[in-house]
1. Return the residues of region 39-78 that are buried (at least 17 other Cβ atoms within 10 Å of the Cβ), within 9 Å of the chain's Cα centre (by Cα) and among the aliphatic types (A, V, I, L, M); say none if nothing qualifies.
2. Kindly establish whether Ile17 is in contact (Cβ under 8 Å) with a residue 24 or more places away in the chain, among the β-branched types (Val, Ile, Thr) and out of contact with any Ser or Thr (no Cβ under 9 Å at 6 or more places or on another chain).
3. In the set Asp50, Asp45, which member is among the acidic types (Asp, Glu) and out of contact with any Ser or Thr (no Cβ under 6 Å at 6 or more places or on another chain)?
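Derivation of every value follows stated rules applied to the coordinates shown; laboratory data play no part. Note that the coordinates shown come from a computational prediction; the quantities given were computed from them, not determined experimentally. Counting neighbours? That spans all protein chains shown, and the Cβs are built from the backbone with ideal geometry, glycine included.
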Amino acid sequence: MSNQQQSQTTNSQTLVINSDEFHFETLEQQNGIATVVKFKLENPDVQPGDVLLILSGSDIQFHGFIGNINEGWAIAMDRSGSQLPAAIH
């Protein structure tokens, strides 16, 4: 018998939240803009590797990967295009 490798594709999903409804803590910031945020995760189906997208109307405020989930809290980072003001919201 020959060895066979299985190829698996991981499907990620996008979590979209309106900026008015997004409550977060800034963990890292650059020039007053949040680049790494911590937020309460309400959707149990979200996993590390999924994408967090924060919208203000049709404007993208934050677009980054969720890197860590622990005890109902998630951490996401957008180090290049974030427009979220750095603060605790």
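1. Matches in region 39-78: Leu52, Ile54, Ile66, Ala74, Ile75, Ala76, Met77.
2. On the way: in contact (Cβ under 8 Å) with a residue 24 or more places away in the chain: yes; among the β-branched types (Val, Ile, Thr): yes; out of contact with any Ser or Thr (no Cβ under 9 Å at 6 or more places or on another chain): yes.
Considered against the rule, which asks whether it is in contact (Cβ under 8 Å) with a residue 24 or more places away in the chain, among the β-branched types (Val, Ile, Thr) and out of contact with any Ser or Thr (no Cβ under 9 Å at 6 or more places or on another chain), Ile17 comes out as yes.
3. Sole residue among the options that is among the acidic types (Asp, Glu) and out of contact with any Ser or Thr (no Cβ under 6 Å at 6 or more places or on another chain): Asp45.
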